[in-house]
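See structure below.
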Amino acid sequence: VQLQASGGGLVQAGGSLRLSCAASGRAFSNYAMGWFRRSPGKEREFIGRISRSGGITGHADSVKGRFTIFRDNAKNTVYLQMNSLKPEDTAVYYCAADTGTIYTYSPSSYEYWGQGTLVTVSS
């Protein structure tokens, strides 16, 4: 499966952005999907995960209540709605696909990755 992330940009603190990740190739609904981010000088950080059907989601404590992951299997797309953005949310955001069904926040468990989209939050 090929993944294409988009929707990043520059936003003021307190603002919102919605990231999209479009999938092509093999059946999108066969994959659980995750979002990660990497800030300068930091390791890749888990943001959230959504099950194949979209019925189960999980979010990192750092974004819980502000970010929401959801998907539309008919459109082969997973989204990350980001609200109440903070300067510390500045990072390159990546979507990733996992053929497994076990909930995991480890990047090594995700087989396919998008190219990343940059989010910059100004104070």
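The values are calculated or read from the model by the stated rules, or taken from the named source; none is laboratory data. These figures come from a predicted structure and were not determined experimentally. Cβ coordinates were reconstructed from backbone atoms using ideal geometry, including for glycine residues, and neighbour counts include every protein chain displayed. Ligands, DNA and RNA are stripped out before the accessible areas are found, and what is left, the full protein with its side chains, is counted by its heavy atoms. Shrake-Rupley method; radii C 1.70, N 1.55, O 1.52, S 1.80 Å.
At 20 °C and 1.002 mPa s, grab the translational diffusion coefficient of the chain from Stokes-Einstein with a Kirkwood Rh over Cα pairs, rounded to a whole number in µm² per second.
After rounding, the answer is 152 µm²/s.
So what does E111 come to for accessible area, using a 1.4 Å probe and Å² rounded to 10?
Answer for E111: close to 90 Å² accessible.
At what distance in nm do the modelled label points of A22 and S123 sit from each other, each positioned 7 Å from its Cα along Cα→Cβ?
Placing both labels 7 Å along Cα→Cβ, they lie 3.7 nm apart.
With all protein chains present, how much of the accessible area of the chain (probe radius 1.4 Å) comes from carbon and sulfur, to the nearest whole percent?
Roughly 49 percent, rounded to a whole number.
Given the protein chains as shown and a 1.4 Å probe, how many square angstrom of V11 are accessible, to the nearest 10?
V11 has an accessible surface of roughly 20 Å² with all protein chains in place.
Roughly speaking, what is the stretch gain from R66 to K42, that is 0.36 nm per residue apart minus the C-alpha to C-alpha distance, in nm to one decimal?
6.5 nm
Could you state the accessible area per residue of the chain in Å², with a 1.4 Å probe and every protein chain left in place?
Accessible area per residue, the chain: 50 Å².
Just grab the label-to-label distance for S29 and I56, each label 7 Å out from Cα along the Cβ direction, in nm (one decimal).
It works out to 1.8 nm between the two label points.
What's the long-distance tail for the range 1-51, i.e. % of Cα pairs beyond 18 Å?
I get 46 percent for the Cα pairs in the range 1-51 exceeding 18 Å.
What's the center-to-center distance, using Cα atoms, between the range 103-123 and the range 76-94 in Å?
After rounding, the separation between the Cα centres reads 9 Å.
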